[in-house]
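> Before I ask anything, let me first share the structure, which is written out below as structure tokens.
The values are calculated or read from the model by the stated rules, or taken from the named source; none is laboratory data. Everything numeric here is computed off the predicted structure, so don't read it as measured data. All Cβ positions, even for glycine, are placed from backbone atoms using ideal geometry, and neighbour counts span all protein chains on display. The accessibility values were calculated without ligands, DNA or RNA, using every heavy atom of the protein model including side chains. Shrake-Rupley method; radii C 1.70, N 1.55, O 1.52, S 1.80 Å.
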Amino acid sequence: MSVPLPQTVTLAPHVFQWAFPAATKAIALTTNTYAIVDGGEALIIDAGSDHPQAVQFTLQQLTDWGVHRVIALVATHYHRDHTCGLVPLQAALQVPLWLHPLDLPPAVRTLGPGVQLQPAPDSVRIGSLTVLLHHAPGHTHGHLHLEIPDDRVVLVGDHLAGRGSVWIGPPDGHLDDYYRALDQIARCGCSIAGPGHGQALTDAAAAARSLRARREQRELQIWQTLHQQPANLDHLVHHLYGQLQPPFLLTMAQRTVQAHLQRLLEHGHIQRRYQSGQGFVYQAKEAPP
Ligand SMILES: [Zn+2]
């Protein structure tokens, strides 16, 4: 089976993006790969397809760009739709594969014990460029943002999407962390954000602020619902989303609501009690979020 070959997009003088179909739940159905290239050196970020043609496409581009040294492969986080294509690339290129230390154990479970993984450094030189690797948990505990200050580009993995929202939920995800990650994107001074899925965003700060506002609105809506009437998770999800099909959408909605409930509990805006036959029932306190 062959895959359609993508168009490579030049996001900035040293940053390139292309996408292959991946086993992802994102709306885009593809995962982006990025290359940062300067002075014959390169860094490759994320790859969601282990199809031989996807691997060959990347290797051919490195040749076309005159790259003689790939410094490393980097995964923004451990999820398989960002990492599975890095495994055959590592075998072909014989270079380190970096993740944040907190995402190394789940990456070993996801990719299998045979893959050599290393903890990512805080920064790396690619030719004359400095690339900063920021620890930015939220979607996963070891999620990374890669900032290329010279090009004013930040690669944000699954913290923004080319279209729509992204998924944050337990056990990997935490909303307070995610809000901090969005603030980091908004404040870093980059104009372009490269998401894990979908097209690049040309106003990184605006995109980060709008996703944060959307989350806060959903959180207020959950508090208001619980203020009118206490409810357990199932009732709350049904009230907010109605009937959801297919089942994985329902699971994702449940975990999204769980993440909001966790944050509302942590900040003292709601309380919960155990009720036989109902499980945990959540109730709003007087102060709204
Ligand atoms: Zn992910």
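> Take the residues in segment 60-72 that are under 27 Å from the mean Cα position of the chain (by Cα) and closer than 13 Å to TRP18 by Cβ, then tell me which one is most open to solvent (accessible area, probe 1.4 Å).
GLN60
> Let me ask something additional. Listed residues HIS139, HIS159; which is under 19 Å from TRP18 (Cα atoms), open to solvent by less than 50 Å² (accessible area, probe 1.4 Å) and touching a Phe, Trp or Tyr at 6+ places or on another chain (Cβ under 8 Å)? Break it down stepwise before answering.
Details: HIS139 fails: under 19 Å from TRP18 (Cα atoms).
Answer to the selection: HIS159.
> Quick one: which helices (runs of 4 or more DSSP H) lie wholly within segment 36-115 and hold at least 1 residues that are among the charged types (D, E, K, R)? Spell out the reasoning first.
On the way: elements: 52-64, 80-83, 86-93, 104-111.
Ranges flagged: 52-64, 80-83, 104-111.
> I'd like the residue in segment 149-175 that is in a strand (DSSP E or B) and either within 14 Å of the ligand (Cβ to nearest atom) or touching a residue at least 60 places away in the same chain (Cβ under 8 Å) (or both) and, out of all such residues, is farthest from ASP203 (Cα to Cα). Give the derivation first.
Filtering segment 149-175 for residues in a strand (DSSP E or B) gives 153-157.
Subsequent filtering for residues that are either within 14 Å of the ligand (Cβ to nearest atom) or touching a residue at least 60 places away in the same chain (Cβ under 8 Å) (or both) retains 153, 155-157.
On the way: VAL153: 10, LEU155: 13, VAL156: 13, GLY157: 16 Å.
Result: GLY157.
> Just need a number here: residues in segment 226-250 that are within 21 Å of ARG272 (Cα to Cα) and not aliphatic (A, V, I, L, M).
Qualifying residue count for the region: 9.
> In the list LEU250, LEU226, which residue meets the criterion of being assigned to a helix (DSSP H, G or I), open to solvent by 30 Å² or more (accessible area, probe 1.4 Å), more than 16 Å from the ligand (Cβ to nearest atom) and not assigned by TED's automatic domain parsing to the domain that holds THR110?
LEU250
> Which residue is farthest from the ligand (Cβ to nearest atom), if the candidates are limited to segment 176-194 and must be touching a helix residue (DSSP H, G or I) at 6+ places or on another chain (Cβ under 8 Å) and part of a strand (DSSP E or B)?
That would be ILE192.
Let's see how each residue does on (1) surrounded by fewer than 19 Cβ atoms within 10 Å (Cβ to Cβ); (2) within 16 Å of the ligand (Cβ to nearest atom); (3) within 30 Å of GLY173 (Cβ to Cβ):
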site	(1), (2), (3)
LEU86	no, yes, yes
LEU93	no, no, no
PRO101	yes, no, yes
VAL108	yes, no, yes
PRO113	yes, no, yes
ALA120	no, no, yes
SER128	yes, no, no
